[in-house]
Amino acid sequence: MSTYSVTGMACGHCAESVTEELKRIAGVTAAVVDVDSGTVAVTSDGVLQAADVRAAIEEAGYELRTEQM
């Protein structure tokens, strides 16, 4: 599991959008967003490429603050 910091999320809809985009990445099995802390925990079958995670978060309309915590 990898945890990422995301800016701009404020509500449940934000969490749904980020989760939906992250689950489109090959190998991602789960994504759990904590809007209050601005983090997302991603579980995957293998190592994820930071560029893929960043692209998914940006596609949802948010910004990856740090690549991994």
* Taking a ≥ b ≥ c as the square roots of the eigenvalues of the Cα gyration tensor of the range 7-69, is the shape rounded (a/c under 1.5), prolate (a/b larger than b/c) or oblate? -> prolate
* Two-site label geometry, SER2 and THR43: point separation in nm, points 7 Å out along Cα→Cβ -> 1.7 nm
* To do: Grab the DSSP H runs of the chain that are 4 residues or longer, score each as -39,500 (n - 2.57), total them, divide by all residues and round the 222 nm result to the nearest 500 deg cm²/dmol.
  => -9000 deg cm²/dmol
* Structure fact -> Highest GNM mean-square fluctuation among VAL40, VAL32, VAL18, for the chain with Cα springs under 10 Å, belongs to VAL32
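FYI, it's all coordinate maths here, none of it is from the lab. Note that the structure is predicted; figures quoted are calculated from it, not measured. Here the Cβ is made from the backbone with ideal geometry for all residues, glycine too, and neighbour counts use every protein chain on show.
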